[in-house]
Structures are given as C-alpha cells and as structure tokens.
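Heads up: the structure comes next, in structure tokens.
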Amino acid sequence: MTWLWAGVAVVLVGAAYLVGARRQRGRDLRAFETGIAGLAPVAAGAVPLTFDNLHDRLSGLDGMLRERQAEVEQMRADREDRVRTADQEQRLVNGRLRRRAKEAIDDTGAVIGERLRDVVEQVGAARQAANATHERVSATSAAAATMVRRARSADEAATALNESLHQVAGIASVISEIASQTRMLALNATIEAARAGAAGKGFAVVAAEVKNLANTTADSTDKIAATIATLEADVAQMGGTLTAIVQDVGEIEQAMGLLDGIADDQHQIVERLNTTVDATMHQIQDLSEVAERLERRRADRLSASGGVRLRVPSRAEPVAGHLTDLSAGGLGCTVPARTPVAVGDAVGVATELNGVPVTMTARVVRRRETGEEIELGMETTEVGAEAQRQIEIHINRAFESA
C-alpha cells in the first residue's frame, strides 16, 4: 500500500502543477486523465501492484509532465518574443509618427514663418510710412502755425500803417488849409501893392512869389492826399488778403490736426499688428520646440537609478546628482538646488551603467526647481560606442524585466 499511496501523491503533485500552468491545452488534460485512468485499476486491485507496474506508470507520467513543461516553456518564450516584437514594432510606429508629426510641424511652421516674415517686412514699411507721415504732418503743422503768426503780424503792421496814413492825411489836410490861407494873404498883398503904386512894386513881387508857393504847396498836398488815399485802399485790401490767409491757414491747421490723428491711429494699428505678429512668431517657435521635444522623445525613457556627476560650464568641480531616467537619446537627473546650470548649457555627464563607467556630453533642455533639488532633462549630443552599448544593454534589460 505504501507504493500505492506514493504513486497517488506523485499523481496529485502532477495534477497541481498542470492545473497551475497557464494556457494549458485540452490535450494535456486528456493525457493526464489517461494516466490517472491507467492507475485506477492498480488502485482498485484489479491489476496486481508491482514495482514495475508503478514505475512504468510513473515514468510515463514523468515523461508527459516533462513534455508539457517543455511546451509551456516554449509557449512562454514564444509569448515573450511576440511581446518583444510587438513592443519593437510599436516603438517603430511611434518613431514614424513622431517624425511625421515633426515634419508636418516643421513644414507648417516654415510656411507660416515665411508668410509672417513677409508680414513683418510690410509692417515695418507701414511703420516707417506712418512715422514719415507723422513727421511730415508735424512739420506742415509747424510751418502753418509759423505762417499764421507771420500773417497776423503783417496784418497788425498793415493796420498800424493804415493808422499812420490817416495821420499823414490829416497833416496833408492841415497843409492844404495853410496853403489856401497863404493864397488869400498873397492876393490881399497884391491888392495892397497895387494901391501903393510905384512904392508897392517890390512888395507885389514878393506877394506873387508867395502866391506861387502857396499854389505849388496846394498842388503837392493834393497829390499827397491822393497818394495816401491809394495807399489806404491798398493797405485795406492787403489786410483783407491777410485775414483770408489766416483763415485759410487755420483750416489747413485743422486738416493737419485731423491728418495727424489719422497718422497716430495708423501708427497704433501698426504697433498692434506688430505685437500680434510677434506673438504669432513666438507661437511658431513654440511649435518648433514641441517638434524638438517630439524628436527627443523618439526613444522611450525608462526609469534608472544611480549616481551621476555633471561638469557644468560655470564650475570647475563636478556636481554630484542622482540619475532618474535614461533613453537612447537622453537622460534625466536631479542635482542640488542653486546648481549654476540653465537650459541650453552643454554639460559633461559621468555615470555607471551595468557596472561599467560611461561618459557622454549632453545639452540641458528642461530645468525645474523642486524645493531642495533641481530636475534636469538632457539630450545627449556626443555618446561614445561603449557608452551607447551600455545604454542599449540597460534598456533591453529593463524591457525584459517589464
């Protein structure tokens, strides 16, 4: 009976193994049931229990279990190969999608950027035209204001001249009256000289000369009065002309003011357009940065750990940090706060992968402060053959263990 119970125990162990195996085929279960059925007559006593009988049955079960185990191992290996192949294909598809997205973004950004550069040139030309218009309007307004001042000054001078002419006309009138009185006196003197006879001849000559002088003075005074009247008419006409000029220049000033306001509005519109174009250009640059990030992420980053030493441009001694992730095209790490490193800096990286020291050169593309640490994302720029091999080994091991 001991051998019987031992056989039953082996059978139970085999059953537990087969039941626990994943993806077991139906034929394995049927083969196991056949083995159990072969032991049933022995357990029932229908077949004599001998060592050879039990040994043969157990050997058959052992062979069957080994075959099933080999098949299970093969299925596991096939599954891992399929998973690995699918992962590689997925990574290739992701890489193609990233490249296409980057190409589309780059092409779109290039076209829009070229159009915007043309717009920028046109905006610059419009700004120059607006500035030139503003300057010309300002110069014209200043010239018009100067003309108004001069016209008003000339009008004031004409008014003063008219008043002076009035005064001269008054003086000429007084002189004319004096000449008329002098003529009367000369006439009286002539009459008195005639009454005196021979004694008054000399006086008569003087009276005649005085009369001639009075007549000449009267004629000259009349001419002066006529000239003054003409001058007064001319001055009055000039005053009217100057007044009209002042009014016309005033209207020109108003028009220049309106034109200056239009030029200011145009300048503001150009500035707003320039601001909008600048913002759009920045957005295009952001798209380019997104494309660069897509390109940097063409390789999946996997978690990593270990020490890392960075050589930054502004420090002679290397900065110690901790590795956080790694990929075929970059790595991430943390360094102490206040480490003098900025986005765009080229840094030297030294770390240990798979027990092998490796060095590479990278460019900082991301920097984020988190309290006592700074998180850095870097894109590798120069990687030696040995460092690249160790990175691939690390990535493959990470995928195999995933």
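Expected output is a single nm value to one decimal: the length gained when fully extending between S164 and E67, i.e. 0.36 nm times separation in residues minus the C-alpha distance. What is it?
Contour length minus the Cα-Cα distance gives 20.9 nm.
What spacing in nm lies between the two simple spin-label points modelled at V174 and M75, each 7 Å away from Cα in the Cβ direction?
14.4 nm
Note down the nm distance, to one decimal, between modelled labels 7 Å out along Cα→Cβ at T243 and at E89.
10.1 nm
Which of I112, I395 has the fewest other C-beta atoms within 10 Å, and how do the rest follow up to the most?
I112, I395
Roughly how far apart, in whole Å, are the Cα centres of segment 328-366 and segment 225-239?
Using only Cα atoms, the two centres lie 98 Å from each other.
For segment 302-401, would you read off the P(r) tail past 25 Å as a percentage of all alpha carbon pairs?
Counting every Cα pair in segment 302-401, those more than 25 Å apart make up 14 percent.
To the nearest 0.05, how large is the calculated FRET efficiency for A129 and S153 if R₀ is 60 Å and r is the Cβ-Cβ distance?
Step by step, r from the Cβ atoms, then E = 0.95.
With the crude spin-label approximation of a point 7 Å out along Cα→Cβ, what separation in nm comes out for A316 versus D278?
4.3 nm
Quote the relative contact order of segment 302-401 in percent (integer), defining contacts as alpha-carbon pairs under 8 Å separated by 6+ residues.
Relative contact order comes out at 25 percent.
Every read-out reported here was derived from the displayed coordinates using simple, explicitly stated rules and does not represent laboratory data. Predicted model, so just to flag it, every value in this text is computed and none were measured. Backbone-built Cβ (ideal geometry, glycine too); neighbour counts: all protein chains shown.
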